[in-house]
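Novice: Starting off with a structure, shown below.
Since every read-out is calculated from the coordinates, none of them should be taken as a lab result. A quick note: this is a predicted structure, and the numbers were derived from the prediction, not measured. Backbone-built Cβ (ideal geometry, glycine too); neighbour counts: all protein chains shown.
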2 protein chains.
Amino acid sequence: ADAAAGKVKAQQCAVCHGPNGLATAPDAPNLAGQPALYTAAQLKAYRSGERKHEVMAVMAKPLSDADIDNLAAWFASIKVTAQMP
Amino acid sequence: ADAAAGKVKAQQCAVCHGPNGLATAPDAPNLAGQPALYTAAQLKAYRSGERKHEVMAVMAKPLSDADIDNLAAWFASIKVTAQMP
């Protein structure tokens, strides 16, 4: 997969998922650091309609398998740390 | 919502989602820092079967609405940072 190509493709995701993959919309998930297998499976589920979401159906429809793998690789490449409260 | 109660309830999530909410299983998402609205909506979707996943169906079935809100509050309270590569 080509994370750099994924980074370009991910520009359209930034409005809800944030420029660095930390969600800006209150009802959207963080994508930064998400395991690539998980992200790819969700994008394919949105593309096929197996998983339903109005906006994500539109976003995922035009994506090729390569786009999906690149996006998944890009988000997985963002390093995240978690600090317990 | 009671994040402390959520932390106790979240012990059963750690095996796949990690002790600090960063996924240990390759096909599971990170939960650390996920917006509470999103996490709660997904748990309810797994509980009702609107969203399908073998393991999550079993995990979500016994959860009350309060459990779900507490879990969502707990994971949202974990501070995450994202470092772009």
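Novice: Using the structure shown, decide if B:G21 is on the phi > 0 side of the Ramachandran plot and over 10 Å from the mean Cα position of the chain (by Cα).
Specialist: In short, no.
Novice: Can you pull out the residues in region B:54-85 that are part of a loop (DSSP other than H, G, I, E, B) and either surrounded by fewer than 14 Cβ atoms within 10 Å (Cβ to Cβ) or out of contact with any helix residue (DSSP H, G or I) (no Cβ under 7 Å at 6 or more places or on another chain) (or both)?
Specialist: Answer for region B:54-85, where residues must be part of a loop (DSSP other than H, G, I, E, B) and either surrounded by fewer than 14 Cβ atoms within 10 Å (Cβ to Cβ) or out of contact with any helix residue (DSSP H, G or I) (no Cβ under 7 Å at 6 or more places or on another chain) (or both): B:K61, B:P62, B:S64, B:I78, B:M84, B:P85.
Novice: If A:Q34 passes every condition in (1) outside any loop (DSSP other than H, G, I, E, B); (2) at the interface with another protein chain (Cβ under 7 Å from one of its Cβ atoms); (3) among the polar types (S, T, N, Q); (4) surrounded by 21 or more Cβ atoms within 10 Å (Cβ to Cβ) but one, which one does it miss?
Specialist: Condition (1) is where A:Q34 drops out.
Novice: Only one of B:A14, B:A73 is hydrophobic (A, V, I, L, M, F, W, C), without any contact (Cβ under 8 Å) to a residue 12 or more places away in the chain, more than 10 Å from every other protein chain (Cβ to nearest Cβ) and more than 17 Å from A:H17 (Cα to Cα); which?
Specialist: Checking each option against the conditions leaves just B:A14.
Novice: Quick one: count up the residues across region A:37-55 that are of a type outside the set (V, I, T) and within 12 Å of chain B (Cβ to nearest Cβ).
Specialist: 11
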